1. Over the range 147-298, give the accessible area per residue in Å² for a 1.4 Å probe, as an integer.
2. In what sequence, largest accessible area first, do K132, K290, K154 appear using a 1.4 Å probe?
3. Check which residues have an amide H placed less than 5 Å from Y42's amide H, if you skip close sequence neighbours.
4. Would you mind getting the accessible area per residue of the range 70-116, heavy atoms of the protein chains only, 1.4 Å probe, in Å²?
5. Roughly how far apart, in whole Å, are the Cα centres of the range 115-166 and the range 60-79?
6. In nm, give the distance between the simple-model label positions of I85 and D246, each being 7 Å from the Cα along the Cα-to-Cβ direction.
7. Just to verify a number: FRET efficiency for E212 and E322, C-beta to C-beta distance, R0 = 22 Å, to 0.05?
8. Enumerate the amide H contacts of T188 below 5 Å, restricted to partners 5 or more residues apart or on another chain; note that Pro and chain-start residues carry no placed amide H.
Amino acid sequence: MKKRILSLALACLMVMPLLAGCGDNNTPAASGSDNSGDTTTYSWKMAHEEYDGDMQDVYCKEFAQKLSEKSNGRITLDIYPVGQIGDALQQCELLQNGGIEFAIVSPGNTGTVVPENQLFSLHYLFPSDWDKTLEVLQTSEALNTMLGQKYLDKNIQVLQYWTEGAMWWTSNKSMKDPSAFKGLKFRTMQSPMILAAYEAYGANPTPMSYTEVYSGLQLNMIEGQENPISAILTSKFYEVQDYLCDAQSNLYMTCTCVNPTFFASLPEDIQQIVLETIDEMYPRSFEIQKELNDAALDKILDAKPDINVEELTDDERAAYAELAQNAYAVYGTTVGADGQAILDKLLEEIAAIEAK
């Protein structure tokens, strides 16, 4: 928490010189809740990469509601699902350019924007224990300071990293053995490291927009894909696939971000409302993903009782994990020394938390 607030404060200091003379709305007010007597209202926009009712949509709507409540109705946050104002990359560009104030920015979609964030695509990286993963994301200097600065260099300010849960694989054949991936046209996001992760299994990874995945599976343009089970349900990918595999290979990581120039321009009390809300949404994000993911499999089985559900054994997971190490070597050569330093630091932090 303290590390994240310090990082945000430093980010604000970096952009404040750009904002001198912007007017009374930027005069700092008392920190904490909205008790300054100022009646200024704020209307902001937030984009996310999923559909109505998906995990990011639930998160964003609760975030908006909390902002409104904490500000006594002074803050209005309009939510834009994917496709309404562009795809994931276009939404990221709008955030960078100040066209929108907030966005959910998933590393899998922005690996070409912030190459170092591709470490999130490495398989078998984070602890299998959810409490330990929560601690890593909340306390990691590698993520909140070192990687956060890489985002800031691209005019994106990370407020919080969070996860939508572990990945499931879908296909039309059993995925319990890595040989199933040989030559498989497997849909991925537009991240070089995700490509490397599935190339390590012998797949033919195929980047494709999320909005095209269902039709791609239906028309056999792609033969499989990865997503949290809740997204597989809401996007109905199960309708055009015969197998569901609880791979536990990696986490679907994302982060709540803000335009740094915009954030630095806000009065101190409004900044504090945003930060307090972000802190409240962190444990809530884990609750949301658990609620949606736990219910998703039952709903899929109700809709398609004959679908094959697989869970990897420890030995099967170990076979995948051994192959996955090839992608770790690719990461360092792809992102350079700074990226490797971030990964090395993160691995040290994870090992320390795992050892507790």
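The values are calculated or read from the model by the stated rules, or taken from the named source; none is laboratory data. Predicted model only: the values in this text are computed from it and were never measured. All Cβ positions, even for glycine, are placed from backbone atoms using ideal geometry, and neighbour counts span all protein chains on display. Ligands, DNA and RNA are excluded from the accessible area calculation, which covers all protein heavy atoms including side chains. Shrake-Rupley method; radii C 1.70, N 1.55, O 1.52, S 1.80 Å.
1. The answer is 31 Å² per residue.
2. On the way: K132 45, K290 120, K154 80 Å².
Per-residue accessible area, sorted high to low, gives K290, K154, K132.
3. I75, T76
4. 35
5. Cα centroid of the range 115-166 versus Cα centroid of the range 60-79: 25 Å apart.
6. In this crude label model, I85 to D246 measures out at 3.9 nm.
7. 0.10
8. T206, M208
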